[in-house]
Amino acid sequence: MKILKKNNFIESIANALQYISYYHSEDFILAMRRAFEVEKSPVAKDAISQVLTNSKLSAFNNRPICQDTGIVTVFVKQGMDLKWDSDKTIEEMVNQGVRNAYLDKGNPLRASIVKDPISDRLNTKDNSPAVVHISLVPGDNLDISIAAKGAGSENKASLGMLNPSDSIVDFILDEIPKMGAGWCPPGVLGVGIGGTAEKAMLMAKESLFESINIQEIIQKGPSNVIENLRIELYEKINQLGIGAQGLGGMTTVLDVKIRDYPTHAASLPVAIIPNCAANRHIHFRMPPEGPAKLNPPNLEVWPKDEWSPKETALRINLNTLQKKDLEKFKLGDSFLLSGKILTARDAAHKKLKELVDNNQPLPDGLDLKNRFIYYVGPVDPVGNEVVGPAGPTTSTRMDKYSSLMLEDYGVIGMIGKAERGKEALESIKKNKAVYFIAIGGAAYLISQAIKSSKLVAFPELGMEGMHEFEVKDMPVTLAANTEGDSLHEEGVKKWSKLFKKD
């Protein structure tokens, strides 16, 4: 009879979370390499190159792939003959493992979890609690599947309670464009079909732990209904032309995973959950003698060629940039930004709005006029780092503040990821401002361009406080020009038309 010790389990959870913070699985790297090789869109190809290089840098330096180190979800399958040597529940042990991992001084991970979700939303400061699912199975083994999923992709999950006669394919193809680019495609799409509403969602989440193998199935041909549906969805979703980072291109999904379950005769639940370019997950079985041993991936799987700026990239000094200069910038052009930028996310924008509403001044020393705002909440630095990984957060969450920032405060440019909505684009056009995107999934790479950082406002907000970064050659792409034209809209239109012609 196997007896598992509390400390070994806690250590295994912590080690697994550290592991997936900086290691991609080999199947994901190979799938991204293939996407890079077949990509014909220059901006999408550049985005995938940044993701691959970022992945390699994170792996070799043991630093997070993405600044959003996620909400932890754990699936525990416990053998009914297994015994525990523990005074804590499984949930309590998992949460201790989460705390140990996220507070690790050698590689601290960003704490993003807030308690009291409908009231104060105060940060728990250690990323606990996790979401834990426990099931009892025959035998005496303990199998663990653990993921740390960022909000950019988790927020794009959807559930459809279809009629039995409705088309699953049509429903999913209708939902994918609504997801926008905030989930950082290309990634893996998890689908759960059947059961009840909550069962469909659980199956969609669990399917994301499976290995990427769609190319093998295409090559040998589908052997069942599920594989046939996977291929159909994979091909049709990619033909939408959404592409890497939503910029238009050949690959939107690397694979489509599907799990199904018996359901009511009058029901057809269909759940969709995407996994982003961080793709953090791992499965392991607990050994009885000690903590689980997690072997690093083969470090030869990454491409030898690393991303470098395009020769045509325009270098811009933000300290001397004038608003009139913005009109010369062309949609889709690559830029290398140097100079000072300010950071602000949701909570800081809310604070800034409260100041305007109450006719209160900005904090001492803070001036937003003619400045650029970067939507980011970085990981804490270690060693000689200025900041930890510092990739962009989803810009659409700040759309409702666009007029406040551009009109009331005089901001002239914004940097984030994903598309901007109608409200933001109208404000950009009205105020002759611009919007750049940095690549979601390239957080560690981007952090190398940040040369200094200082807190300038709202220290009580933690990682959401406002900082001033000094950057040198920070890579960005112009995604909305002074006329309010959107690269995301134009890119998808172009590539979807090309697929239709073929």
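The values are calculated or read from the model by the stated rules, or taken from the named source; none is laboratory data. Worth saying up front: this structure is predicted, and the values here are computed from it rather than measured. As a convention, Cβ positions derive from the backbone with ideal geometry for all residues, glycine included, and neighbour counts pool all protein chains shown.
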Point to revise | The lone exception for G416 - which of (1) assigned to a loop (DSSP other than H, G, I, E, B); (2) under 29 Å from L52 (Cα atoms); (3) of a type outside the set (K, R) it fails | key: (1)
Review point. Taking region 335-358 on its own, how many of its residues are of a type outside the set (F, W, Y), more than 22 Å from the chain's Cα centre (by Cα) and part of a strand (DSSP E or B)?
Key: 6
Practice item. Say whether the condition of being at negative phi, in contact (Cβ under 8 Å) with a residue 12 or more places away in the chain, surrounded by 21 or more Cβ atoms within 10 Å (Cβ to Cβ) and among the β-branched types (V, I, T) is met by at least one residue in region 58-68. Key: yes
Review point. Within region 237-254, is there a residue that is assigned to a helix (DSSP H, G or I) and closer than 19 Å to A200 by Cβ?
Key: yes
Exercise for review: Write out, first by first residue and then by second, each pair whose Cβ atoms fall under 6 Å of each other, whose residues are 6+ apart or on separate chains, and whose first residue, in region 264-276, is over 30 Å from D68 (Cα atoms) and outside the structural domain of A47 (by TED's automatic domain parsing) while the second is surrounded by fewer than 23 Cβ atoms within 10 Å (Cβ to Cβ) and not hydrophobic (A, V, I, L, M, F, W, C).
Suggested key: none
Review point. For region 125-140, how many residues meet the condition of being of a type in the set (S, T, N, Q) and crowded, with 17+ Cβ neighbours inside 10 Å?
Key: 2
Check your understanding: Among the residues of region 52-76, how many are among the hydroxyl-bearing types (S, T, Y) and part of a strand (DSSP E or B)?
Key -> 1
Exercise for review: Only residues that are without any contact (Cβ under 8 Å) to a residue 24 or more places away in the chain and either under 22 Å from Y234 (Cβ atoms) or not hydroxyl-bearing (S, T, Y) (or both): list them for region 140-182, please.
Suggested key: S167, D170, D174, K178
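Criterion first (more than 22 Å from the chain's Cα centre (by Cα), under 29 Å from W307 (Cβ atoms) and modelled with pLDDT of 95 or more) does E470 satisfy it? Write out each step before concluding.
Working: more than 22 Å from the chain's Cα centre (by Cα): yes; under 29 Å from W307 (Cβ atoms): yes; modelled with pLDDT of 95 or more: yes.
So E470 fits the description; yes.
Looking at A418, is it small (G, A, S), within 22 Å of the chain's Cα centre (by Cα), surrounded by 23 or more Cβ atoms within 10 Å (Cβ to Cβ) and on the phi > 0 side of the Ramachandran plot?
Numbers: small (G, A, S): yes; within 22 Å of the chain's Cα centre (by Cα): yes; surrounded by 23 or more Cβ atoms within 10 Å (Cβ to Cβ): yes; on the phi > 0 side of the Ramachandran plot: yes.
Yes: the conditions hold for A418.
Within region 325-334, count every residue that is outside any loop (DSSP other than H, G, I, E, B) and surrounded by 11 or more Cβ atoms within 10 Å (Cβ to Cβ).
Here is the first cut: in region 325-334, the ones outside any loop (DSSP other than H, G, I, E, B) are 325-328, 334.
Next cut, surrounded by 11 or more Cβ atoms within 10 Å (Cβ to Cβ) only: 325-327, 334.
Within region 325-334, residues that are outside any loop (DSSP other than H, G, I, E, B) and surrounded by 11 or more Cβ atoms within 10 Å (Cβ to Cβ) number 4.
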